[in-house]
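The next block holds one structure in the form of structure tokens; read it before the comments.
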Amino acid sequence: MEFFGHIIDGVEVESLDGGRFDVYNPWTREVWAQAAEGGAQDARRAVASARTAFDSGPWPRMGRTERARWIHKLADRMEEKVDELAGYDSTNMAKPLEQAKHDVARSVWNFRFFADHQRDHCGEVFPMDSGHHCYSEFGPAGVVAAISPWNFPLMMASWKIAPAIAWGNTCIIKPSEDTPASVTHLGRLAAEVGFPPGVLNVLNGHGAPAGSSLTADWDVDRVTFTGSSTTGKAVMASAATHLAPVSLELGGKGANIVFDDADLDNAVYWAVEAIFRNAGQICLAGSRLFVQDGIYDEFMKRFVAKAEELQIGDPLAPGTKFSALSSRKHFDKVTGYVAQIEELGGHIYTGGVATDGSWVVRPTVADGLALDAAPYCEEIFGPVCIVNRFTDEAEAVRMANDTRYGLNAMLFTENLSRAHRVSSQLRAGTVWVNCFFIRDLRTPFGGVGDSGVGREGGNFSREFFTEPKAVVMQITR
Ligand code: NAD
């Protein structure tokens, strides 16, 4: 059976007390591996390693071009190992292999992007009328604790690790206890390519004590977290005890608005991607779909037909587009919401819970729920789309914004003025017009309200992962 240890000081190790936990394959519902159960002392060991690497190691002190070279070397190695990395995520959380390979490519791009970004965006100069000149300097912040979820195990972790180490920090990543495989393997690859010890540590284990010990450690200078809004609040409170700045990327309940004049084929294609890709386990999922009256029936007919076409099966089998949910616990949660839909007066067009004992919830489309019904308001984080109709633009905007979340929204229209008008009225960190899931890493990423605190991406990551400094120099006397 495979084992995923901690990577501390560049070496894969067991927990100090030898504790391990089982790791499941959600498609077979069997234990396929074990991982080290990190305790408070293991967390301390990982932080101490990162601290030493930061305080006296070469990483924060090397030239920016050299650091970029190291990170590209890791990215090259990831590309050589794409089958292994994708295979781990696919086995570990039932992500269809094709989607897992896409995630590896995106993870590689995260590393390459931030390697180059820190090399090319390292300061600004401001000539002053007073005869001085002033420049900003973006020095590394120190030790970064990064905590990531299970839905995009490698991609979410790399989105945090890449800017952290690129800007000269050292890092401890704690992957979700449900998906330790690919991130531990990334730590192994970093050691293999010769990263200085302590630059990238991997701590496996549960939220408490592994994660909570990291966030509470006074040697940690930044905490970057992606996960649920509830956990995010605990993480922020813990980091506040030693005033470590936090970046929180939290839950969502994305609105997807389809206007009468939309290109229907395009809107249906993206509506399916937005809620059924990764079995709906996407913070950005289009889980609240709003369709204008004039096209409602036609849209629903096509949307339901496409949802039913998705090939459900073994995530490793060619052609599979949709598979099991990531764990028994999550399956039970999603199943609970599906059961409520009809109890609360909703109508299910297609989908529902598989009855073969698997952890599959089929692509589910429903409407007819009140606007305060739990499956409509709360984040299900599964393949469940709740649809509503609207009559005009103002109503669509009002319904879309009526949520505590504000991570993202989508809108589909061929009317250019409406596209701009509605985009600017939506209370969300990202708005996609006539598309979904496309990112430019230079732009801000994050959410409003319960969807998060702060932004990452491009210069936003630079500001979070560095200690910006102003230097004012007299030029003329
Ligand atoms: P979670 O909050 O249960 O766990 C996330 C991570 O936090 C895990 O590694 C977990 O072990 C750790 N953790 C748990 N308790 C902790 C504590 N007290 N202190 C420190 N760490 C702790 O979330 P999840 O179920 O793994 O992920 C799903 C959630 O993540 C959804 O709400 C989803 O919307 C959100 N998410 C958000 C984004 C985004 O970019 N905004 C991206 C992906 C997922």
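The values are calculated or read from the model by the stated rules, or taken from the named source; none is laboratory data. Remember, predicted model here, so these are calculated numbers, not experimental data. Backbone-built Cβ (ideal geometry, glycine too); neighbour counts: all protein chains shown. All accessible areas refer to the heavy atoms of the entire protein, side chains included, with ligands and DNA or RNA removed. Shrake-Rupley method; radii C 1.70, N 1.55, O 1.52, S 1.80 Å.
The figures follow:
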{"quantity": "Single residue of Pro163, Pro180 found to be open to solvent by less than 10 Å² (accessible area, probe 1.4 Å) and within 10 Å of the ligand (Cβ to nearest atom)", "calculated": "Pro180"}
{"quantity": "Single match in Val471, Val397, Val433, Val422 (criterion: exposed (fewer than 15 other Cβ atoms within 10 Å of the Cβ), away from the ligand (no atom under 16 Å from the Cβ) and of a type in the set (A, V, I, L, M))", "calculated": "Val471"}
{"quantity": "All positions within region 138-151 that are open to solvent by 10 Å² or more (accessible area, probe 1.4 Å) and either part of a loop (DSSP other than H, G, I, E, B) or at pLDDT below 95 (or both)", "calculated": "Ala141, Pro149, Trp150"}
{"quantity": "Selection count where residues are open to solvent by less than 20 Å² (accessible area, probe 1.4 Å) and more than 18 Å from Val353 (Cα to Cα), scope region 296-314", "calculated": "4"}
{"quantity": "Some residue of region 47-54 being surrounded by 15 or more Cβ atoms within 10 Å (Cβ to Cβ) and over 24 Å from Gly194 (Cβ atoms)", "calculated": "no"}
{"quantity": "Filtered residue count, region 90-129, keeping only those that are in contact with a helix residue (DSSP H, G or I) (Cβ under 9 Å, 6 or more places away or on another chain), surrounded by fewer than 20 Cβ atoms within 10 Å (Cβ to Cβ) and outside any helix (DSSP H, G or I)", "calculated": "2"}
{"quantity": "Contacts under 8 angstrom Cβ, first residue in region 223-251 being closer than 18 Å to Arg462 by Cα and within 7 Å of the ligand (Cβ to nearest atom), partner open to solvent by 50 Å² or more (accessible area, probe 1.4 Å) and not in a loop (DSSP other than H, G, I, E, B), 6 or more apart", "calculated": "Phe225/Thr231"}
{"quantity": "Subset of region 376-389 (residues that are surrounded by fewer than 22 Cβ atoms within 10 Å (Cβ to Cβ) and not polar (S, T, N, Q))", "calculated": "Cys377, Glu378, Arg389"}
{"quantity": "Close pairs from region 15-32: first closer than 12 Å to Met93 by Cα, partner open to solvent by less than 40 Å² (accessible area, probe 1.4 Å) and outside any loop (DSSP other than H, G, I, E, B), Cβ under 6 Å, at least 6 apart", "calculated": "Val23/Ala33; Val23/Ala35; Asn25/Thr91; Trp32/Asn25"}
{"quantity": "Cβ-Cβ under 7 Å pairs, at least 6 apart or on other chains, region 47-71 side modelled with pLDDT of 95 or more and of a type outside the set (D, E, K, R), far side assigned to a helix (DSSP H, G or I) and open to solvent by 60 Å² or more (accessible area, probe 1.4 Å)", "calculated": "Thr65/Arg119; Ala68/Arg119"}
{"quantity": "Criterion violated by Trp218 - all others in (1) out of contact with any strand residue (DSSP E or B) (no Cβ under 6 Å at 6 or more places or on another chain); (2) aromatic (Phe, Trp, Tyr); (3) away from the ligand (no atom under 16 Å from the Cβ) satisfied", "calculated": "(3)"}
{"quantity": "Criterion violated by Tyr349 - all others in (1) free of Cβ contacts under 8 Å to residues at least 60 places away in the same chain; (2) in a strand (DSSP E or B); (3) under 23 Å from Asn151 (Cβ atoms); (4) not aliphatic (A, V, I, L, M) satisfied", "calculated": "(3)"}
{"quantity": "Residue that is more than 16 Å from the ligand (Cβ to nearest atom), in contact with a strand residue (DSSP E or B) (Cβ under 8 Å, 6 or more places away or on another chain), closer than 29 Å to Ser148 by Cα and among the polar types (S, T, N, Q), where the choices are Gln311, Gln292", "calculated": "Gln311"}
{"quantity": "Index of the failed condition, Lys321 passing every other in (1) out of contact with any strand residue (DSSP E or B) (no Cβ under 7 Å at 6 or more places or on another chain); (2) surrounded by 18 or more Cβ atoms within 10 Å (Cβ to Cβ); (3) more than 28 Å from Ala86 (Cβ to Cβ)", "calculated": "(3)"}
{"quantity": "Unique residue being assigned to a loop (DSSP other than H, G, I, E, B) and modelled with pLDDT under 95 when the list is Thr443, Thr403, Thr476", "calculated": "Thr476"}
